[in-house]
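Worksheet for the structure shown next.
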Amino acid sequence: MKKLIIILSFANIAHSQVDKVAHFGVGYISGALTSGVTLVNSNGKNEWIKSISFGAAVGTAIGLGKEIYDYKDYGLFDWGDLGATVLGAVAGSVHVTFTINRYEKKHLL
């Protein structure tokens, strides 16, 4: 019985980690897409600030919406899931913004 409890505990931890990776991935994709569209459709200096801000905000809104849905559906608001989504959104936003900026500098000079 003790072994079964230990195995089930590890299975729960593994599922929890897969869930956080999924939340990070959704945040990353939403942040990256939003930042890319924002940056490509803008002109001017310091547009990278707006690009990263919009990407992070959209990713955060998606994560917050999902957690509110989970809370209404089965009564659990998971701050860890929201944190993983926000972290992914920021990472995706920063990655895409600086990749596009580097590409533009390299090809436009």
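Just so you know, all these numbers are worked out from the coordinates, no wet-lab data involved. What you see is a predicted model, and the numbers here were worked out from it, not measured in a lab. So basically every Cβ, Gly included, is an ideal-geometry build from the backbone, and we count neighbours across all protein chains shown.
Key figures for this structure:
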| read-out | value |
| --- | --- |
| Hydrodynamic radius (Kirkwood) for the stretch 22-108, which is based on Cα pairs only, to one decimal in Å | 13.1 Å |
| Label-point separation, F77 to N41 (7 Å along Cα→Cβ), nm | 3.1 nm |
| Ascending count of other beta-carbon atoms within 10 Å, so fewest first, for H23, H95 | H95, H23 |
| Efficiency of FRET between K50 and D19 - r from beta-carbon atoms, R0 35 angstrom, step 0.05 | 0.65 |
| Gained length - Y69 relative to N101, 0.36 nm times residue gap less alpha-carbon distance | 7.9 nm |
